[in-house]
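Everything below concerns the one structure shown next.
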Amino acid sequence: MTPANTAVQALMTRYGDTLRDRGLWSCAGNPLAGGSGHDSWSMEPFPVTFERGQGVHKWDTTGHRYLDLWMGHGALLFGNAHPAVVSAVARQMAEGQHLGGVHRLHFAWAERIREYFPSCEQVRFTASGSEAAQLALRIARVCTGRGRIVRIDGHFHGWFDDCLAHLLPGSGSGFNPGVAEHIGIVPSMDLPAVEDELAQCDVAALILEPGGGSSGTLNWSVEYLAGLRQLCDRYGTLLIFDEVISGFRYHLGGVQAMSRIYPDLTLLAKISAGGMPGALVGGSAELMSIFAKRGITHSGTFNGCPVTAAAALATLELIGEGEPITRANNAASALVEAVNAAAESAGVDVAAYAQSSIFHLVIGARAEGVVVAPGVDAVRLATRHAPEHKLLRVALMLEGVDCHSSHGWLSALHDASHLEEAACGFSRAFEQLRHIPVFELPH
């Protein structure tokens with residue numbers, strides 16, 4: 001057995017012996033299809049099972065503590081179980097979790113969104129970001145009378161067919177084969193390619209993550225967004241900004257406030273919903289008037305759930321106090337510096353970069369002579385080295401750090417002590433991986 005195989009086997013054996021909850025992961029069979037409820041939670045030979053979270057830490061069912069760098073897939077700017085959010089949710093639960101109609105908190109929530117996002121003169125609530133994307137596309141089709149949608153390669157807008165089919169390599173089957181007929185996908189940062197699609201004058205909407213596709217893995221620029229705005233105006237296409245990630249993380253008013261490039265429709269979720277299930281579509285009063293005119297169908301049992309509204313309002317109140325976004329951004333920058341220093345010290349070909357308070361991990365950049373920065377090379381290497389990213393996550397979990405296999409999110413609560421905790425965890429994880437060929441620095 002090679003040293004690399006020995007290292008991998010030792011890592012996986014330690015993972016299985018240390019973190020398996022033998023009561024839950026028994027031989028009796030697993031009632032969870034695929035072993036989890038989300039593709040990115042799946043791990044071999046089993047995912048860690050969590051029990052509770054408090055602030056920036058979480059605990060599994062075997063009692064192990066982890067520094068949380070998931071932050072609820074970016075939905076938690078103030079960590080888990082913040083007292084203000086818990087109190088607001090408890091008050092609303094005591095008054096009823098679902099009243100089957102318009103609730104007073106809907107007005108307050110919508111007003112706070114409009115305060116920070118002036119382009120959202122009116123909003124419509126949904127239960128998830130994926131649903132919000134589908135609603136926005138429906139609005140665009142109704143308002144323009146057109147059927148086609150254009151997406152940017154590498155930008156994520158949920159798991160429904162219109163937004164995922166023909167996008168991710170190995171994303172599986174089951175997509176409607178007719179989707180390709182009304183979806184156009186263009187390369188990132190390629191304005192001429194966008195114009196080629198829009199010039200056909202049959203495109204209802206162009207949808208993108210304005211802060212860079214896949215949670216900032218890809219790059220963006222004000223000039224690019226301005227070019228998209230001009231092209232959409234020229235060809236009568238609605239511009240949709242998916243700010244599910246960037247809203248209240250990049251800036252109080254999202255990327256549109258940073259760039260002063262405003263879309264026709266905006267998608268918000270995650271932090272905007274207080275870290276709870278919920279999302280919204282916002283736009284001008286003129287566009288959103290189609291709901292009053294009954295020109296569009298939209299329903300959903302948990303749209304604007306009062307409990308979510310309470311969490312959202314408590315979170316937005318916290319955001320207005322101090323500078324939480326700046327604190328989270330600074331924490332991400334410090335973490336990137338620490339990870340890069342740890343990688344250099346251990347002699348592994350791993351590097352990190354950040355956009356806002358989101359950090360990204362790149363494996364094999366030096367071996368290929370790639371600059372570590374947002375862009376298509378980062379996406380390509382993440383795809384190529386997906387197995388190695390899974391090993392990195394296993395090694396990190398064994399050292400008490402949990403993040404997505406290739407990126408993670410910081411919060412306003414991650415302080416210097418937590419960053420030191422992360423740095424030590426990454427250092428120990430890199431030591432476990434340094435003899436595996438892909439991780440070795442090129443000579």
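The values are calculated or read from the model by the stated rules, or taken from the named source; none is laboratory data. This is a predicted model, so every value here is computed, not measured. Neighbour counts are summed over all protein chains in view; Cβ atoms, including those assigned to glycine, are modelled from backbone coordinates with ideal geometry.
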Inset, instruction - Give me the pairs, please: first residue somewhere in the range 311-326 and under 18 Å from Ala127 (Cα atoms), second residue anywhere and in a helix (DSSP H, G or I) and aromatic (Phe, Trp, Tyr), beta-carbon distance under 7 Å, and either six or more positions apart or on two chains. - result: Ala312/Trp109; Leu313/Trp109
Inset, instruction - Look at Val336 and say whether it is at pLDDT 95 or above, touching a helix residue (DSSP H, G or I) at 6+ places or on another chain (Cβ under 9 Å) and of a type outside the set (S, T, N, Q). - result: no
Inset, instruction - Among residues belonging to the range 226-274 that are touching a Pro at 6+ places or on another chain (Cβ under 6 Å) and of a type outside the set (Val, Ile, Thr), point out the one that is farthest from Glu286 (Cα to Cα). - result: Phe241
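Would you confirm whether any residue within the range 83-95 is assigned to a loop (DSSP other than H, G, I, E, B) and either without any contact (Cβ under 8 Å) to a residue 60 or more places away in the chain or buried (at least 21 other Cβ atoms within 10 Å of the Cβ) (or both)? Even if it seems obvious, please write down each step before you answer.
Here is the first cut: in the range 83-95, the residues assigned to a loop (DSSP other than H, G, I, E, B) are none.
For the range 83-95, residues assigned to a loop (DSSP other than H, G, I, E, B) and either without any contact (Cβ under 8 Å) to a residue 60 or more places away in the chain or buried (at least 21 other Cβ atoms within 10 Å of the Cβ) (or both): absent.
Given Trp25, Trp109, Trp59, which one is more than 22 Å from Ala429 (Cβ to Cβ), aromatic (Phe, Trp, Tyr) and modelled with pLDDT of 90 or more?
The conditions single out Trp109.
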Inset, instruction - Can you give me the number of residues within the range 207-259 that are of a type in the set (Gly, Ala, Ser) and either free of Cβ contacts under 8 Å to residues at least 24 places away in the same chain or touching an Asp or Glu at 6+ places or on another chain (Cβ under 6 Å) (or both)? - result: 1
Inset, instruction - Could you tell me whether Glu421 is modelled with pLDDT of 95 or more and more than 21 Å from the chain's Cα centre (by Cα)? - result: yes
Legend entry - Matching residues, the range 30-78, being hydrophobic (A, V, I, L, M, F, W, C), closer than 25 Å to Ser333 by Cβ and either free of Cβ contacts under 8 Å to residues at least 60 places away in the same chain or not in a loop (DSSP other than H, G, I, E, B) (or both): Leu67, Met71
Inset, instruction - Considering only the range 385-430, state which residues are polar (S, T, N, Q) and more than 25 Å from His82 (Cα to Cα). - result: Ser405, Ser406, Ser427
Legend entry - Flag if Gly295 is surrounded by fewer than 22 Cβ atoms within 10 Å (Cβ to Cβ) and either part of a strand (DSSP E or B) or modelled with pLDDT under 95 (or both): yes
Inset, instruction - Tell me which residues, restricted to the range 33-75, are of a type in the set (A, V, I, L, M, F, W, C) and surrounded by fewer than 12 Cβ atoms within 10 Å (Cβ to Cβ). - result: Ala33
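Answer with yes or no whether His166 is under 18 Å from Ala205 (Cβ atoms), modelled with pLDDT under 90 and of a type outside the set (Asp, Glu). Talk me through it step by step, then tell me what you get.
Values: under 18 Å from Ala205 (Cβ atoms): yes; modelled with pLDDT under 90: yes; of a type outside the set (Asp, Glu): yes.
Yes, satisfied.
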Legend entry - Subset of the range 329-348 (residues that are surrounded by 22 or more Cβ atoms within 10 Å (Cβ to Cβ) and out of contact with any strand residue (DSSP E or B) (no Cβ under 6 Å at 6 or more places or on another chain)): Ala331, Ala342, Val348
